[in-house]
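Structure first, then comments.
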Amino acid sequence: MCGAQLVSWLAIGPSLRDMPTDVRPRIARSGRPLMVARKPPGERKKRSAEQLARSQRDISVSEFFEKNTHLLGFDNPLRALMTTVKEGVDNALDACEEAGVLPDVTIEITRTVDLADIESADPRAFCGFTGDEIPFSDGDTFGDGETGSASSGDATGVNASAQGDGGDPDVHGDAAVAATGAAGAGDQGTRAAAARVGAEKRIVGGLFQRGLFDESASLDDEPKPEPDADGTASASRAGAGSGATGATAAGTKNGAAKKKRGVAAPAESYTVAIQDNGPGIVAAQVAKIFGKLLYGSKFHRLRQSRGQQGIGISAAGMYGQQTTGRPVRILTRTGKNRPAHYFEVLLDVKGNKPDVRVQETREWDHGQGTRVVIEMKAKHQRGQHSVDTYLAYTAVANPHVTLRYRDPEGKWTIYHRASQTLPVEPREVKPHPYGVELGNFLRMLQSSDQKKVGGFLQNEFCRVSRKTGDEIAKIAGVNMTTWLSRVQGDDARRLHAALSEVKIMNPPTDCISPIGEDLLIESLARDYPDAFLRAVTRSPAVYRGNPFQVEVALAYGKGVPADGPATILRFANRVPLLYKGNACAIGKVVNEIPWKKSYGVEQARGAPPSGPLVLVVHLASVWVPFTSESKDAVAHVPEILKEIKRAVMECGRALGRHLKAERRHADALKKRDYIAKYIPKISEALQGILEYDDAERDATTAQLVEILNRSRKL
């Protein structure tokens with residue numbers, strides 16, 4: 001028995017008889033008592049209320065979310081990458097649409113150690129819808145002229161020749177050393193503007209600029225270059241030569257070992273760059289937008305938009321700062337003839353305020369727009385919850401958008417827009433009387449600028465006319481001319497209760513911008529041209545005073561994958577929802593509907609339907625009730641559940657009718673074939689009875705076949 005076990009026995013106080021035989025002699029020789037009394041537990045130190053009060057302090061929202069990044073969608077390195085792209089793309093699309101510009105958005109994801117290889121590689125582009133390789137040109141990759149995405153030359157989106165503080169070119173960690181230091185001075189060191197295949201094939205401007213960080217800035221756990229067979233580092237990774245032509249080519253020609261990146265691989269340093277052709281950002285607002293949580297323009301208005309809370313992109317920057325120590329880099333321009341402003345912004349977590357490290361003007365030949373670069377520890381993998389899937393679904397729900405995506409391997413995937421028309425701009429509206437809760441109603445009474453009850457009802461709510469206001473006031477027992485300051489206590493409660501007792505029109509539809517049945521069917525038809533397609537758009541409804549609208553579309557049959565459960569595509573305000581499907585109101589409704597009993601589609605108990613089915617559900621609202629700040633799942637609001645169920649069931653009924661018609665058609669074909677099999681026998685029997693010749697027999701057969709086909713009409 002070891003010493004720890006012996007101490008354990010002594011602490012319990014065993015008798016000599018109960019101890020193991022190999023311990024008894026040692027206990028007897030030691031002369032120690034067999035029973036050892038336990039030490040009394042120490043008394044807790046008493047503290048006064050004043051002492052406890054001295055340890056209390058305010059907690060900023062950024063401090064809270066820094067310790068709870070999972071609430072924002074940064075649970076793990078894989079999801080953090082997808083969330084960062086999602087927040088950046090959402091902001092870019094919102095900005096372009098509000099400015100009345102057809103969005104062209106470029107997304108570039110690059111491993112830091114692969115920077116030089118990727119940027120010097122011959123670019124290849126593929127269509128995101130068909131997978132076919134397409135010619136790589138400026139129009140396909142960078143947009144049209146001045147409103148395109150990244151551009152080449154010394155005035156690229158991240159200007160390779162720009163100078164940092166003091167005018168001295170800086171170095172961006174080990175990757176910049178590989179890209180610039182060993183390659184020598186001059187144009188060969190930048191390599192961002194190297195022409196590869198004619199004048200139209202230009203590579204993307206470098207994601208990194210000189211003048212970004214202190215030379216001492218580095219990552220201790222930065223991935224190192226893999227050694228070659230002879231023990232030396234690869235020339236493409238170490239910058240020892242200038243003949244590298246890309247990640248794949250360098251690995252093949254130089255014999256460098258390809259680093260394995262599996263599911264269990266550790267997180268690596270990635271750089272995410274998102275660029276748009278939107279209106280740009282006023283310089284005075286840049287630092288607050290990217291360096292302060294809960295700062296934005298969408299929280300206080302009732303109007304459909306992808307962003308809601310003013311957290312997303314600044315939270316992504318905070319995560320990058322937390323994992324790599326790097327600031328967010330922003331380059332923005334508000335017009336062709338205006339200067340481009342460059343910022344490096346950190347987030348002061350304790351004060352929830354921006355810490356601007358660099359602010360200057362730079363040359364940029366991008367007409368207008370914004371480019372955001374965030375470096376973070378992350379992982380990139382393909383699959384259902386990947387960046388690739390998110391962008392593919394975004395293209396389906398936003399046919400007016402062109403997306404250009406460069407993955408970490410350097411392959412470009414391009415989703416060209418299918419529509420040259422922007423969605424109808426949603427109009428900001430007032431709350432609808434139905435569903436406004438008492439607490440919100442009392443707050444509206446206190447904060448309203450209106451003086452009297454009549455003005456309050458007509459101007460603080462939508463769909464309340466003079467006549468409707470009179471009915472509400474009459475039921476509540478107040479007068480339309482009563483001063484609003486006198487409406488308190490029971491009067492306020494009666495007035496609130498009267499809102500739901502009067503018949504009021506549904507909320508206006510111009511505050512919501514649904515995708516539309518035609519575009520939903522068109523999007524599905526691109527992938528499943530031979531399948532049965534159906535789309536339904538419900539009339540607008542209200543929850544808690546917020547208008548919303550539900551759209552559902554499905555594709556069933558030929559061309560749709562039939563293995564496993566159906567594919568459920570969830571969208572909220574045109575944004576794909578990839579996580580927490582079982583916790584979402586959409587998933588709950590789809591699983592609870594009896595697909596097999598009602599519509600003839602196979603389904604296991606408590607599971608989604610199975611078979612060749614793709615189901616698209618889109619919730620459009622002025623305020624989507626998400627279950628958390630990460631905006632992954634729609635909350636189980638009764639009004640929303642009811643509308644989703646009705647829309648899905650309406651599509652399901654159409655599918656059920658289609659499947660019944662197919663079964664009737666199959667039965668009719670079977671019967672026709674059965675009858676047709678005996679027509680020649682009937683003709684032969686008639687020939688024997690009526691003594692027909694062979695020509696008359698054949699004519700009789702043809703006539704019977706014609707009668708059969710005409711009667712069945714298949």
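The values are calculated or read from the model by the stated rules, or taken from the named source; none is laboratory data. All of these numbers come straight from a predicted model, not from anything done at the bench. As a convention, Cβ positions derive from the backbone with ideal geometry for all residues, glycine included, and neighbour counts pool all protein chains shown. To get the accessible areas, we keep the full protein, side chains included, count just its heavy atoms, and leave off ligands, DNA and RNA. Shrake-Rupley method; radii C 1.70, N 1.55, O 1.52, S 1.80 Å.
Here are the numbers for this structure:
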{"quantity": "Hey, ASP355 in contact (Cβ under 8 Å) with a residue 40 or more places away in the chain, open to solvent by 40 Å² or more (accessible area, probe 1.4 Å) and within 26 Å of LEU78 (Cα to Cα) or not", "calculated": "no"}
{"quantity": "Residue tally, condition among the small types (Gly, Ala, Ser) and either closer than 30 Å to PHE64 by Cα or surrounded by fewer than 14 Cβ atoms within 10 Å (Cβ to Cβ) (or both), over segment 654-674", "calculated": "3"}
{"quantity": "Single residue of GLU629, GLU639, GLU650, GLU643 found to be touching a residue at least 12 places away in the same chain (Cβ under 8 Å), outside any helix (DSSP H, G or I) and not β-branched (Val, Ile, Thr)", "calculated": "GLU629"}
{"quantity": "Test: residue in segment 406-416 that is under 15 Å from the mean Cα position of the chain (by Cα), of a type in the set (Phe, Trp, Tyr) and either in a loop (DSSP other than H, G, I, E, B) or at pLDDT 90 or above (or both)", "calculated": "no"}
{"quantity": "Test result for LEU520, part of a helix (DSSP H, G or I) and under 36 Å from the mean Cα position of the chain (by Cα)", "calculated": "yes"}
{"quantity": "Search result, residues across segment 589-629 that are polar (S, T, N, Q), under 18 Å from the mean Cα position of the chain (by Cα) and within 19 Å of ALA553 (Cα to Cα)", "calculated": "SER621"}
{"quantity": "Segment 299-317: number of residues that are in contact (Cβ under 8 Å) with a residue 24 or more places away in the chain, not in a helix (DSSP H, G or I) and not β-branched (Val, Ile, Thr)", "calculated": "9"}
{"quantity": "Criterion violated by PRO339 - all others in (1) under 28 Å from SER62 (Cβ atoms); (2) open to solvent by 10 Å² or more (accessible area, probe 1.4 Å); (3) in contact with a Lys or Arg (Cβ under 9 Å, 6 or more places away or on another chain) satisfied", "calculated": "(1)"}
{"quantity": "Selection count where residues are under 20 Å from ASP490 (Cβ atoms) and in contact with a helix residue (DSSP H, G or I) (Cβ under 8 Å, 6 or more places away or on another chain), scope segment 437-470", "calculated": "12"}
{"quantity": "Exclusive hit being open to solvent by 40 Å² or more (accessible area, probe 1.4 Å) and among the aliphatic types (A, V, I, L, M), set ILE515, ILE521, ILE472, ILE504", "calculated": "ILE521"}
{"quantity": "Segment 483-501: number of residues that are open to solvent by 90 Å² or more (accessible area, probe 1.4 Å) and closer than 16 Å to TYR434 by Cα", "calculated": "3"}
{"quantity": "Number of positions in segment 358-378 that are surrounded by 18 or more Cβ atoms within 10 Å (Cβ to Cβ), assigned to a loop (DSSP other than H, G, I, E, B) and charged (D, E, K, R)", "calculated": "1"}
{"quantity": "Check on ASN459, of a type outside the set (A, V, I, L, M, F, W, C), surrounded by fewer than 19 Cβ atoms within 10 Å (Cβ to Cβ), free of Cβ contacts under 8 Å to residues at least 60 places away in the same chain and assigned to a loop (DSSP other than H, G, I, E, B)", "calculated": "no"}
{"quantity": "Test for ILE679: is it part of a helix (DSSP H, G or I), within 17 Å of PHE571 (Cβ to Cβ) and open to solvent by less than 50 Å² (accessible area, probe 1.4 Å)", "calculated": "no"}
{"quantity": "Selection within segment 419-439 - surrounded by 14 or more Cβ atoms within 10 Å (Cβ to Cβ) and within 20 Å of VAL542 (Cα to Cα)", "calculated": "PRO426, ARG427, VAL429, LYS430, PRO431, HIS432, PRO433, TYR434, GLY435, VAL436"}
{"quantity": "First in segment 424-447 and among the acidic types (Asp, Glu), second anywhere and part of a loop (DSSP other than H, G, I, E, B), Cβ under 7 Å, 6 or more apart", "calculated": "GLU428/ARG301; GLU428/LEU302; GLU428/ARG303; GLU437/ARG544"}
{"quantity": "Within segment 636-653, considering residues that are open to solvent by 20 Å² or more (accessible area, probe 1.4 Å) and not acidic (Asp, Glu), the one nearest to ILE311 (Cα to Cα)", "calculated": "HIS636"}
{"quantity": "Given (1) free of Cβ contacts under 8 Å to residues at least 12 places away in the same chain; (2) of a type outside the set (Asp, Glu); (3) touching a Phe, Trp or Tyr at 6+ places or on another chain (Cβ under 9 Å), index of the condition GLN450 fails", "calculated": "(1)"}
{"quantity": "Long-range neighbours under 9 Å by Cβ, at least six apart or interchain, first residue over 29 Å from GLU98 (Cα atoms) within segment 506-535, second surrounded by fewer than 22 Cβ atoms within 10 Å (Cβ to Cβ) and modelled with pLDDT under 85", "calculated": "ASP527/PHE129"}
{"quantity": "Every residue from segment 284-312 that is in contact with a helix residue (DSSP H, G or I) (Cβ under 9 Å, 6 or more places away or on another chain), open to solvent by less than 20 Å² (accessible area, probe 1.4 Å) and of a type in the set (A, V, I, L, M)", "calculated": "LEU293, ILE311"}
{"quantity": "Hits in segment 379-400 - residues which are open to solvent by 20 Å² or more (accessible area, probe 1.4 Å) and hydrophobic (A, V, I, L, M, F, W, C)", "calculated": "ALA392, VAL396"}
{"quantity": "Condition check for ASN459: modelled with pLDDT of 90 or more and under 38 Å from the mean Cα position of the chain (by Cα)", "calculated": "yes"}
{"quantity": "Helices (runs of 4 or more DSSP H) contained entirely in segment 1-96, each with at least 3 residues that are at pLDDT below 55 and open to solvent by 50 Å² or more (accessible area, probe 1.4 Å)", "calculated": "3-12, 24-30"}
{"quantity": "Enumeration of residues in segment 406-462 that are β-branched (Val, Ile, Thr) and under 15 Å from PRO508 (Cα atoms)", "calculated": "VAL424, VAL429"}
{"quantity": "All positions within segment 403-426 that are touching a Ser or Thr at 6+ places or on another chain (Cβ under 7 Å) and hydroxyl-bearing (Ser, Thr, Tyr)", "calculated": "TYR405, TYR415"}
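Here's the yes/no breakdown for (1) of a type outside the set (A, V, I, L, M, F, W, C); (2) at positive phi; (3) in contact (Cβ under 8 Å) with a residue 60 or more places away in the chain:
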site: VAL552; (1), (2), (3): no, no, yes
site: LYS558; (1), (2), (3): yes, no, no
site: ASP563; (1), (2), (3): yes, no, no
site: ALA572; (1), (2), (3): no, no, yes
site: PRO576; (1), (2), (3): yes, no, yes
site: ASN582; (1), (2), (3): yes, no, no
site: ALA585; (1), (2), (3): no, no, no
site: VAL589; (1), (2), (3): no, no, no
